[in-house]
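Below is one structure, written out as structure tokens, with a few remarks after it.
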Amino acid sequence: MQAESYDALRKELESKKAELTVRLERITENLRRGYHPDSKERAKELEDSEVVDALGNEARAELWNISAALQRMEAGEYGICVECGTDIDRGRINAHPYAKQCIDCARLAEAREARYS
Ligand SMILES: [Zn+2]
């Protein structure tokens, strides 16, 4: 029953995935472009490339999250907490489409991380 209601979300994630893939390709292309021989210019370009690289990492991380979410949808595991197996609150899914845990488990995990870090 719940699996059907994720159709719209799945389409959304799929188009976002396509968009990110294109963006990532563009970023990679920019990075591959040769650096300017003038050292001053080169310093600036290196600086830019670091920003571009950070953007790339962000896009890669999001792409990974989207793929994982789509895989869970495929397996019929999407929207189910990986920790306790209960349905994740729909409001939480809408706010955090990549959430793998219900709010209770997420809070517990956060508390654990806070204690050990
Ligand atoms: Zn849970």
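For the stretch 56-72, check the following and say yes or no: at least one residue is open to solvent by less than 50 Å² (accessible area, probe 1.4 Å), within 16 Å of the ligand (Cβ to nearest atom) and either among the hydrophobic types (A, V, I, L, M, F, W, C) or not in a helix (DSSP H, G or I) (or both).
No, there is no match, as no residue in the stretch 56-72 is open to solvent by less than 50 Å² (accessible area, probe 1.4 Å), within 16 Å of the ligand (Cβ to nearest atom) and either among the hydrophobic types (A, V, I, L, M, F, W, C) or not in a helix (DSSP H, G or I) (or both).
Would the stretch 29-43 turn up any residue that is in a helix (DSSP H, G or I), open to solvent by less than 70 Å² (accessible area, probe 1.4 Å), polar (S, T, N, Q) and under 25 Å from residue 63 (Cβ atoms)? Steps first, answer last, please.
To start, the set of residues in the stretch 29-43 that are in a helix (DSSP H, G or I) comprises 29-32, 39-43.
Checking which are open to solvent by less than 70 Å² (accessible area, probe 1.4 Å) leaves us with 31, 43.
Imposing the further condition that a residue be polar (S, T, N, Q) reduces the set to none.
So far as the stretch 29-43 goes, no, none of its residues is in a helix (DSSP H, G or I), open to solvent by less than 70 Å² (accessible area, probe 1.4 Å), polar (S, T, N, Q) and under 25 Å from residue 63 (Cβ atoms).
Being away from the ligand (no atom under 16 Å from the Cβ), open to solvent by 50 Å² or more (accessible area, probe 1.4 Å) and over 19 Å from residue 11 (Cβ atoms), is that true of even one residue in the stretch 94-111?
There is no residue in the stretch 94-111 that is away from the ligand (no atom under 16 Å from the Cβ), open to solvent by 50 Å² or more (accessible area, probe 1.4 Å) and over 19 Å from residue 11 (Cβ atoms).
Quick one: in the stretch 73-93, of everything that is part of a helix (DSSP H, G or I) and surrounded by 11 or more Cβ atoms within 10 Å (Cβ to Cβ), which residue is farthest from the ligand (Cβ to nearest atom)? Spell out how you get there, then give the answer.
Step one: of the stretch 73-93, the residues part of a helix (DSSP H, G or I) are 73-74, 90-93.
Adding the requirement that they be surrounded by 11 or more Cβ atoms within 10 Å (Cβ to Cβ) leaves 73, 90, 92-93.
Details: 73: 18, 90: 15, 92: 11, 93: 13 Å.
Ranking the candidates gives 73 first.
The values are calculated or read from the model by the stated rules, or taken from the named source; none is laboratory data. The structure displayed is predicted, hence computed values, not measured ones. Here the Cβ is made from the backbone with ideal geometry for all residues, glycine too, and neighbour counts use every protein chain on show. Calculation scope for accessible area: heavy atoms of the full protein, side chains included, ligands and nucleic acids excluded. Shrake-Rupley method; radii C 1.70, N 1.55, O 1.52, S 1.80 Å.
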